[in-house]
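Input: a single structure, listed below in structure tokens.
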Amino acid sequence: MQNFRRLEGSEREEILKFFSEVYGIPGDIFTGYELVSRGKNIWMVSSEHLEKVVEMKPEFTGTMILRKGRFWKPTTSFVTLFGHLASKNFVELSKEEAMEFLRGGSVRKRENLSYPHVIVKYRGRAIGCGYLGKDRIISEVPVKLREIPRIL
């Protein structure tokens, strides 16, 4: 894979620790997966799959799980796949709030949130990531996914 670097040892542990400490997501969900970095992004790739594609030199493979900016931000893909496991730094929304959030709006801030990027759930399912503003949680759902409220 072009410009990818496998994360091993302390680098891998740093990512597992991030998900565990910030969101309460257990590190064992990464068993059987490799973590690779490319620029400011971290990807999760099946260990078996990575070994098979390494010679093909694809542009990318797997699922992007984190972006590095001022703070680490979980991707929408990661949140919708594994966010239901979050036991910390998440918020559960009502149907009305979830619809507003999925349209790109914001919802009232809740207590006990500490990290700037919050996992947002509706009926126990993770629906996206929100940015913790002064008194609001601002939707970070990608524009192209904002048609989803129809399924609620």
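The values are calculated or read from the model by the stated rules, or taken from the named source; none is laboratory data. These figures come from a predicted structure and were not determined experimentally. Glycine gets a Cβ as well: all are built from the backbone with ideal geometry, and neighbour counts include every protein chain shown.
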Fill in the blank from the handout: Flagged pairs (Cβ under 6 angstrom, 6 or more apart or on separate chains; first in the stretch 62-81, within 15 Å of ILE29 (Cα to Cα); second part of a helix (DSSP H, G or I) and at pLDDT 90 or above) are THR63/SER77; ILE65/PHE78
Handout entry: GLY83 in a strand (DSSP E or B) and either closer than 15 Å to TYR23 by Cβ or assigned by TED's automatic domain parsing to the domain that holds TYR33 (or both)
Key = no
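Name the residues in the stretch 84-123 that are touching a Gly at 6+ places or on another chain (Cβ under 8 Å) and in contact (Cβ under 8 Å) with a residue 60 or more places away in the chain, would you?
Restricting attention to the stretch 84-123, the residues satisfying the condition of being touching a Gly at 6+ places or on another chain (Cβ under 8 Å) are 84-92, 101-102, 106-107, 109, 117-121.
Result: LEU85, ALA86, SER87, LYS88, ASN89, PHE90, ILE119.
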Problem - Answer from ASN89, ASN112 - the residue that is touching a Ser or Thr at 6+ places or on another chain (Cβ under 7 Å), farther than 19 Å from LYS144 by Cα and surrounded by fewer than 20 Cβ atoms within 10 Å (Cβ to Cβ) - result: ASN89
Problem - Residue check for VAL118: in a strand (DSSP E or B), modelled with pLDDT of 95 or more and closer than 25 Å to LYS134 by Cα - result: yes
Practice task
From (1) surrounded by 15 or more Cβ atoms within 10 Å (Cβ to Cβ); (2) touching a helix residue (DSSP H, G or I) at 6+ places or on another chain (Cβ under 9 Å); (3) more than 22 Å from PHE30 (Cβ to Cβ), pick out the condition that doesn't hold for ARG123.
Solution key: (1)
Completion exercise
Filtering the stretch 20-41 down to residues that are of a type in the set (Gly, Ala, Ser) and either within 19 Å of PHE90 (Cβ to Cβ) or in a loop (DSSP other than H, G, I, E, B) (or both) yields SER20, GLY24, GLY27, GLY32, GLY39
Fill in the blank from the handout: Those residues of the stretch 126-147 that are surrounded by fewer than 15 Cβ atoms within 10 Å (Cβ to Cβ) and either modelled with pLDDT of 95 or more or not small (Gly, Ala, Ser) (or both) come to a total of 8
